[in-house]
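Quick one: the structure is below, questions incoming.
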Amino acid sequence: MYYKFSGFTQKLAGAWASEAYSPQVRGLKPLVSTEAPPIIFATPTKLTSDSTAYDYAGRNKVPELQRLFQKSDGVPIHLKRGLPDQMLYRTTMALTLGGTIYCLIALYMASQPRNK
């Protein structure tokens with residue numbers, strides 16, 4: 001059996017030998033266009049000054065965060081940033097404990113037969 005590429009379904013389709021071996025019957029088309037595609041981002045989206053330095057939205061906080069996290073003060077790494085970290089940690093632990101207790105109660109209730 002012979003196959004040819006169908007431009008309509010974009011799949012291989014069965015064909016006669018004459019169609020499969022001579023695609024010139026329908027005409028050859030270039031696979032890649034000869035024209036260059038339009039440039040999408042040809043101009044900068046934000047006009048900047050003549051300096052070559054990049055303009056960031058904020059200052060670089062990495063060095064001070066490195067100093068904070070590398071300080072050996074005996075505080076675990078997940079609690080180093082103070083009250084917000086403590087609240088998040090305690091909320092997570094409370095939800096975990098509550099979910100564990102709820103699951104144990106549900107397992108206990110499921111294991112007890114109902115009296116009818």
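Residues of the stretch 77-101 being open to solvent by less than 60 Å² (accessible area, probe 1.4 Å) and not charged (D, E, K, R), which ones?
Leu79, Gly82, Gly98, Gly99
Find all pairs meeting these conditions: Cβ atoms under 7 angstrom apart; at least six residues apart or on different chains; first residue within the stretch 72-97 and of a type in the set (Lys, Arg); second residue assigned to a helix (DSSP H, G or I).
Once the first residue is of a type in the set (Lys, Arg) and sits in the stretch 72-97, its partners that are assigned to a helix (DSSP H, G or I) give Lys80/Leu68; Lys80/Phe69.
Would you check which residues across the stretch 60-76 are surrounded by 10 or more Cβ atoms within 10 Å (Cβ to Cβ) and either touching a Lys or Arg at 6+ places or on another chain (Cβ under 9 Å) or assigned to a helix (DSSP H, G or I) (or both) and list them?
Initially, the stretch 60-76 is screened for residues surrounded by 10 or more Cβ atoms within 10 Å (Cβ to Cβ), giving 64-66, 68-69, 71, 75.
Residues satisfying the conditions are Glu64, Leu65, Gln66, Leu68, Phe69, Lys71.
The values are calculated or read from the model by the stated rules, or taken from the named source; none is laboratory data. None of the values given here were measured: they were computed from a predicted structure. All Cβ positions, even for glycine, are placed from backbone atoms using ideal geometry, and neighbour counts span all protein chains on display. In case anyone asks, the SASA skips ligands and DNA or RNA and just uses the protein heavy atoms, side chains included. Shrake-Rupley method; radii C 1.70, N 1.55, O 1.52, S 1.80 Å.
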